[in-house]
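The values are calculated or read from the model by the stated rules, or taken from the named source; none is laboratory data. All values derive from a computational prediction rather than experimental measurement. Counting neighbours? That spans all protein chains shown, and the Cβs are built from the backbone with ideal geometry, glycine included.
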Amino acid sequence: MNKIFKTTLLILTIVFMNNIQGQEAKILVLIHSDNGGTYTLAQEVAKGIESKGNAKAFIKKVKPSDNPSLKNVPLATVEELTSYNGIAFGSPVYFGNISTPMSEFFSKTVDLWSKHALEGMPATVFMSAGSGAGKELAIQSFWNTLAVHGMVLVSNGIMGNDTIDKTVPQGNTVLGVTSLASLNNIKRPTKSERHLAKLQGENFANVANALKGTFPTHKKSIEKKEEVDINTVLKEKQIKLPEVPKPAGSYQPYVRSGNLIFINQVALKDGKIVHPGKLGQDINEEQVNEATTATILNVLSVLQDAVGGDLNKVKKCVQLTGIFNTKDDFTKHADLMNVASNLMVDIFGEKGKHARATYGASSIPVNSSVEIQAIFEVE
Ligand SMILES: Cc1cc2nc3c(=O)[nH]c(=O)nc-3n(C[C@H](O)[C@H](O)[C@H](O)COP(=O)(O)O)c2cc1C
């Protein structure tokens, strides 16, 4: 009985210790590949990562691919990078450099960089080259980006070189493995290149495991900004945008200059001006408010047209200028304009907050009581 108890306790202790130590390192193998060479290397790297049973590899790609062999490789997001214990990067060599799609992916990591989110995380690089021209330079330029992120760069040295077939050129480099894909008198990546890729993965898993917990991976994950869908907001607020008003003169409904959209509108609705005239003479304040609502909705309708129908592309309402047909002694232009400003913030939230100017005018085109000029920043 005592023996059974001791054996059970021993088994439980082993299971417990395995659970403590056995939390596998999660390693992302992040690739771009045109012809599949990098992907083949990635599969070997992944095998190496998982060879000791202490790490799990996740192969993902940075952009969609038409290559059937890459069809089932999932797409990675920038936000998920911080959730791993290490990242093995792979791409083709483009002119002795990192490939363009991989570079584009990195251009989206500025937020991670400014938050120090990848600092201390191990990284390694493997690449598929053609002739091999500039292959080591290419890995080095890849390393530049990773160094700026503060990642721990894991090299290969001369690991495995004594076991490779030296009768043909091989893609071994001290920084990381490559493949010489255009030297196709032999299937590429060669057996030796694949062997080196596996060793690179195995070594990388060891480093990732050793560094596991030394940098705050998950804690630093980037909070995804709460993205509000503007179409849903409009629906919820039962705001229906009017048809885009046609220009009444020799001008454009909007002009885009860089990322800025410029729009000017009056209180035109269904071909007629809403409550035309001068405040305090022809119409009252409530009527001007209605005219202002009609005007700002026209602005939004033109804006929607300017961003191809998707108001989610609006990054900021930069400035609104409200011009009201008022008597000379009128001073409460700000109150009148609040109708437009409040609606802007109601719809766009923070993005809707803007700089503002208001004026009184003795007359406004087509006898509108209000004209609004608007500037938006868009994607
Ligand atoms: C724009 C471009 C530039 C390239 N520059 C190089 C280069 O400088 N050196 C090289 O050896 N191969 C170069 N290549 C060839 C690719 O690196 C090679 O085809 C690689 O194996 C592609 O990897 P993949 O099979 O994963 O798509 C270039 C290819 C392209 C499309």
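Take Glu136 and decide whether it is more than 23 Å from the chain's Cα centre (by Cα), of a type in the set (Asp, Glu) and modelled with pLDDT of 95 or more. Considered against the rule, which asks whether it is more than 23 Å from the chain's Cα centre (by Cα), of a type in the set (Asp, Glu) and modelled with pLDDT of 95 or more, Glu136 comes out as yes. Per the conditions (1) in contact (Cβ under 8 Å) with a residue 24 or more places away in the chain; (2) within 44 Å of the chain's Cα centre (by Cα); (3) over 19 Å from Gln252 (Cα atoms), the sole criterion not satisfied by Phe330 is (2). Determine whether segment 61-71 contains at least one residue that is in contact (Cβ under 8 Å) with a residue 24 or more places away in the chain, assigned by TED's automatic domain parsing to the domain that holds Ser155, closer than 25 Å to Val110 by Cβ and hydrophobic (A, V, I, L, M, F, W, C). Checked segment 61-71: at least one residue is in contact (Cβ under 8 Å) with a residue 24 or more places away in the chain, assigned by TED's automatic domain parsing to the domain that holds Ser155, closer than 25 Å to Val110 by Cβ and hydrophobic (A, V, I, L, M, F, W, C).
Note on segment 183-199: residues that are outside any helix (DSSP H, G or I) and either surrounded by 13 or more Cβ atoms within 10 Å (Cβ to Cβ) or at pLDDT 95 or above (or both) amount to 5.
With the condition kept exactly as written, say whether any residue in segment 144-156 is part of a helix (DSSP H, G or I), more than 11 Å from the ligand (Cβ to nearest atom) and in contact with a helix residue (DSSP H, G or I) (Cβ under 8 Å, 6 or more places away or on another chain). Yes, the conditions are met somewhere in segment 144-156. From the list Gly176, Gly171, the lone residue that is part of a loop (DSSP other than H, G, I, E, B), under 30 Å from the mean Cα position of the chain (by Cα), within 16 Å of the ligand (Cβ to nearest atom) and touching a residue at least 40 places away in the same chain (Cβ under 8 Å) is Gly176.
Of all residues in segment 225-245, those satisfying the criterion of being in a loop (DSSP other than H, G, I, E, B) and either modelled with pLDDT of 85 or more or touching a His at 6+ places or on another chain (Cβ under 6 Å) (or both) are Asp229, Lys237, Gln238, Ile239, Lys240, Leu241, Pro242, Glu243, Val244, Pro245. Just so you know, in segment 246-258 the residues that are among the polar types (S, T, N, Q) and assigned to a loop (DSSP other than H, G, I, E, B) include one that is surrounded by the fewest Cβ atoms within 10 Å (Cβ to Cβ), and it is Ser250. Mind listing whichever residues of segment 309-332 are within 13 Å of Ile375 (Cβ to Cβ) and either outside the structural domain of Ile347 (by TED's automatic domain parsing) or surrounded by fewer than 20 Cβ atoms within 10 Å (Cβ to Cβ) (or both)? Passing the criteria: Lys315, Lys316, Val318, Gln319, Thr321. Which residue, of Phe58, Phe95, is under 27 Å from Thr214 (Cα atoms) and in the same structural domain as Ala117 (by TED's automatic domain parsing)? Exactly one residue qualifies, and that residue is Phe58.
For the structure I just gave you, tell me whether Ala267 is assigned by TED's automatic domain parsing to the domain that holds Glu290 and surrounded by 14 or more Cβ atoms within 10 Å (Cβ to Cβ). So Ala267 fits the description; yes.
Among residues that are among the aliphatic types (A, V, I, L, M) and buried (at least 19 other Cβ atoms within 10 Å of the Cβ), Val154 is included. Being at pLDDT 95 or above and within 28 Å of Lys115 (Cα to Cα) is a property that holds for Phe58.
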